[in-house]
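The values are calculated or read from the model by the stated rules, or taken from the named source; none is laboratory data. Predicted model, so just to flag it, every value in this text is computed and none were measured. Glycine gets a Cβ as well: all are built from the backbone with ideal geometry, and neighbour counts include every protein chain shown. Calculation scope for accessible area: heavy atoms of the full protein, side chains included, ligands and nucleic acids excluded. Shrake-Rupley method; radii C 1.70, N 1.55, O 1.52, S 1.80 Å.
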Amino acid sequence: MLIQVEELTKTYVVGTEEVHALDHVSFNVGEGEFVSIMGASGSGKSTLMNLLGCLDTPTEGRYLLKETDVSKMNDEELAVVRNREIGFVFQVFNLLPGLTALHNVEVPLIYNRVPRKKRLEMSLAMLKAMGMGERAHHRPNQLSGGQRQRVAVARALVNSPSLILADEPTGNLDSKTTLELMELIRELNRKGNTIILVTHEPDIGAMANRTITLKDGKIIEDINHVH
Amino acid sequence: MFIENILLALNSIISNKMRSFLTTLGILIGVASIITVVALIQGIFASIDQQIQQLGSNIISIEPHMEVQSFADYMNNRPELTLTDADVLKRSIPGITDLAPMIFQTSQVKSGGKTRNTFIYGAHPQYQDINGQYVEQGRFLTDLDLEYHRKVVVLGQEIVNSMKLGENPIGKSILIRNVPFKIIGLMEKRGSFFGQSQDNYALIPLTSALDMYGRIAGHFAYIQFRVADMKQLNNVKQQCAAILRRRHKIPDNKPDDFKISTQEDIVESFSKTTNVITAIVMGIVGISLLVGGIGIMNIMLVTVTERTREIGIRKAVGATRKNILSQFLIEAVTLSFLGGAIGILLGIALGNLAAHMIPHFPPAHTPLWAIFLGFGFSTGIGILFGVYPAGKAAALNPIDALRHE
Ligand SMILES: Nc1ncnc2c1ncn2[C@@H]1O[C@H](COP(=O)(O)OP(=O)(O)OP(=O)(O)O)[C@@H](O)[C@H]1O
Ligand SMILES: [Mg+2]
């Protein structure tokens, strides 16, 4: 199993009130799966993704990535996991505005201590694979939304992570670009990448092999799709 | 990683040119003023040092001297040196050559209705060789002038000019303390120091000076002589001290009432003064650098807040605390280092410019240590005031940083 989640819980305390953003959630994800996560706004989708992406730490429960308990890791170890094992694609792209597409893709490789020449080769190859070879030297503000998200996907993939997490990656894209990006993501999955994707739209959710639905921080449905 | 961080820092500095400039302005001004001041002071010192060195290193001078406890004490026991002291030294110590006792006083000189205060040296014919300053027109004082207590005078050029004595003053006479003296020679120019002319002086025979000033002159006496053999310098110094103590009847438990110094001593005490002055100036400038450092810290803190999002993104793709810490620290240091570098160049330029613009100022001299110090200071300030903002950036939690609006 690539991912084992047991009783994972995240509780926020706001003033005197407790918000159970994630409430004792358990599930597994195998290698090569394509899982979509759905649910109403505020149901805990992003909270779950942030925990899976090691951007946040759970209040309770265990999270095993490749049989290793991530919840017990320190800051430094988590940074390494984020760098090598996880590629995160955000709804708001989260590219660095001062850097060109190429240098944005390069960032994870820098922290992975890949030599400069190799880094630039790998980044350019990845941008080309995303159909962004022509735009390598453009800054994010010189790119369209769909192009920015492709750069972000290239950045997520460049370290060949075990897991790709995408939190509403199509949320800021029009329908045509959404379809193009989804085609790209399915292609990645066909090539063997494990993908977990959050979406509001049932059409998109149904493109995955499996859909987990959340409500008030709990899993209310976990179904497989047959295509 | 280090090089990446420097490139990152440069990138960030260049993309915010104006702000980077303003941020580092404090450091820039601080370093520039250190370098300017040090260059000017060192220029002065270099020129003084050169003047001292010119005199030669085998000269010993002796002057009356005491550790003053109080003014009354001083007035009651004013130390003096006499001509007999000088004679005895010359006769008792074989290595002494060119012995020239001298007294100096300030007095009024008058000529053609003009008056002026000037230094009067009661000098010896050896004065020229010992001081390395020679007569330019006419002749110098001779042994006969001294023997016959002649009322003759050799003038420094400043007096000739300011008293309007004309093209060829030799043969004319001037009044010193209302006594007429015949002008027999003109000294070569010594130049000026800090705009202060060094040529406002008059040399008269030592014997005539003693006639005029009487015993009081002994308090302002100087004995200078050459030691033929350099190796004997310390030996001669000790012999002089022993003889003078005996002659002045100083008990063993009392200090000397004179001071014997060689050129080396003068250079040494001079460089001590140099160092003290330099240290004081550096202290003052250090404060301004500190202010510059606080400026850097302030802007770096703003930068960290502004770039919280960037920090979040970097952490999300695998930056460790250490990565972020060194990125921001290196940025602060790069900024202050650049400020320091520009400051050094500016300081050298300003030092030279100032030395040119101020009349009679010796050329500026920027020592290498000042440049290293400038770099060291600015880098140190960068580290000192960069650590806190960088630490703040590094400690951010990735998800909180990403959510930052
Ligand atoms: N930092 C926080 N402090 C307090 N409460 C929070 C915090 N982050 C999230 N929550 C709460 O946790 C719950 C789940 O939030 P989450 O962002 O996971 O929802 P979501 O499913 O991603 O919603 P959306 O579809 O709108 O993105 C919400 O009720 C939210 O208000
Ligand atoms: Mg969300």
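Please find, among B:353, B:301, B:346, B:289, the residue that is free of Cβ contacts under 8 Å to residues at least 60 places away in the same chain, under 43 Å from the mean Cα position of the chain (by Cα) and on the phi < 0 side of the Ramachandran plot.
B:353
Of all the residues that make up segment B:14-47, how many are within 14 Å of another protein chain (Cβ to nearest Cβ) and more than 25 Å from residue A:117 (Cβ to Cβ)?
Looking only at that region, the number is 4.
Residue by residue through segment B:149-172, note down the ones that are touching a residue at least 40 places away in the same chain (Cβ under 8 Å) and either within 21 Å of residue B:207 (Cα to Cα) or in contact with a helix residue (DSSP H, G or I) (Cβ under 7 Å, 6 or more places away or on another chain) (or both).
B:149, B:150, B:151, B:152, B:153, B:154, B:155, B:156
If a residue has to be open to solvent by 70 Å² or more (accessible area, probe 1.4 Å) and within 13 Å of residue B:37 (Cα to Cα) to count, how many in segment B:353-366 make the cut?
3
For segment A:102-125, what are the residues that are over 19 Å from the mean Cα position of the chain (by Cα) and more than 10 Å from chain B (Cβ to nearest Cβ)?
Residues satisfying the conditions are A:102, A:114, A:115, A:117, A:118, A:120, A:121, A:122, A:124, A:125.
Inside segment B:306-335, can you point out the residues that are more than 10 Å from chain A (Cβ to nearest Cβ) and over 13 Å from residue B:395 (Cβ atoms)?
Of everything in segment B:306-335, those that are more than 10 Å from chain A (Cβ to nearest Cβ) and over 13 Å from residue B:395 (Cβ atoms) turn out to be B:306, B:326, B:327, B:329, B:330, B:331, B:332, B:333, B:334, B:335.
Looking at segment A:70-87, which of its residues are out of contact with any Pro (no Cβ under 6 Å at 6 or more places or on another chain), assigned to a loop (DSSP other than H, G, I, E, B) and open to solvent by less than 60 Å² (accessible area, probe 1.4 Å)?
Answer for segment A:70-87, where residues must be out of contact with any Pro (no Cβ under 6 Å at 6 or more places or on another chain), assigned to a loop (DSSP other than H, G, I, E, B) and open to solvent by less than 60 Å² (accessible area, probe 1.4 Å): just A:73.
May I ask you to list the residues in segment A:134-151 that are modelled with pLDDT under 95, buried (at least 23 other Cβ atoms within 10 Å of the Cβ) and not basic (Lys, Arg)?
A:149
Residue check: is residue B:178 open to solvent by less than 50 Å² (accessible area, probe 1.4 Å) and in contact (Cβ under 8 Å) with a residue 60 or more places away in the chain?
When the stated conditions are applied, residue B:178 does not pass them.
Confirm whether residue A:168 is away from ligand 1 (no atom under 16 Å from the Cβ) and of a type in the set (Asp, Glu).
no
Are any residues in segment A:88-108 assigned to a loop (DSSP other than H, G, I, E, B), away from ligand 1 (no atom under 16 Å from the Cβ) and crowded, with 23+ Cβ neighbours inside 10 Å, and if so, which ones?
A:95 - this is the single residue of segment A:88-108 that is assigned to a loop (DSSP other than H, G, I, E, B), away from ligand 1 (no atom under 16 Å from the Cβ) and crowded, with 23+ Cβ neighbours inside 10 Å.
Scan segment A:194-201 and give yes if some residue there is within 16 Å of ligand 1 (Cβ to nearest atom), in contact with a helix residue (DSSP H, G or I) (Cβ under 6 Å, 6 or more places away or on another chain) and either open to solvent by less than 80 Å² (accessible area, probe 1.4 Å) or modelled with pLDDT under 95 (or both), otherwise no.
Within segment A:194-201, one or more residues are within 16 Å of ligand 1 (Cβ to nearest atom), in contact with a helix residue (DSSP H, G or I) (Cβ under 6 Å, 6 or more places away or on another chain) and either open to solvent by less than 80 Å² (accessible area, probe 1.4 Å) or modelled with pLDDT under 95 (or both).
Check residue A:19 against each of (1) under 19 Å from the mean Cα position of the chain (by Cα); (2) near ligand 1 (Cβ under 9 Å from one of its atoms); (3) in a strand (DSSP E or B); (4) of a type in the set (Val, Ile, Thr) and name the one condition it does not meet.
(1)
Output the residues belonging to segment A:11-46 that are over 22 Å from residue A:185 (Cα atoms) and within 13 Å of ligand 2 (Cβ to nearest atom).
Across segment A:11-46, the qualifying residues are A:21, A:22, A:40, A:41, A:42, A:43, A:44.
Restricting the search to segment B:191-221, which residues are part of a loop (DSSP other than H, G, I, E, B) and at pLDDT 80 or above?
B:198, B:199, B:200
Quick one: how many residues across segment B:83-137 are of a type in the set (Lys, Arg) and not in a strand (DSSP E or B)?
Looking only at that region, the number is 2.
Filter segment A:35-69 down to the residues that are open to solvent by 10 Å² or more (accessible area, probe 1.4 Å), within 13 Å of ligand 1 (Cβ to nearest atom) and of a type in the set (A, V, I, L, M, F, W, C) and list them by number.
The answer is A:38, A:40.
Could you please tell me which pairs satisfy a Cβ distance under 6 Å, a separation of 6+ or placement on different chains, a first residue in segment B:390-405 that is within 18 Å of residue A:92 (Cβ to Cβ) and within 13 Å of ligand 1 (Cβ to nearest atom), and a second residue that is part of a helix (DSSP H, G or I) and open to solvent by 60 Å² or more (accessible area, probe 1.4 Å)?
B:404/B:309
Of (1) surrounded by 21 or more Cβ atoms within 10 Å (Cβ to Cβ); (2) on the phi > 0 side of the Ramachandran plot, residue A:32 satisfies all except one. Which?
(1)
Scan segment A:22-39 residue by residue and report those that are outside any strand (DSSP E or B) and in contact with a Lys or Arg (Cβ under 7 Å, 6 or more places away or on another chain).
A:33
Sort through B:104, B:21, B:71 and tell me the only one that's assigned by TED's automatic domain parsing to the domain that holds residue B:131 and either open to solvent by 60 Å² or more (accessible area, probe 1.4 Å) or out of contact with any strand residue (DSSP E or B) (no Cβ under 7 Å at 6 or more places or on another chain) (or both).
Residue meeting the stated conditions: B:104.
Condition (residue is of a type outside the set (Asp, Glu), touching a Phe, Trp or Tyr at 6+ places or on another chain (Cβ under 7 Å) and open to solvent by 80 Å² or more (accessible area, probe 1.4 Å)) applied to segment B:166-173: is it met by at least one residue?
No: zero hits.
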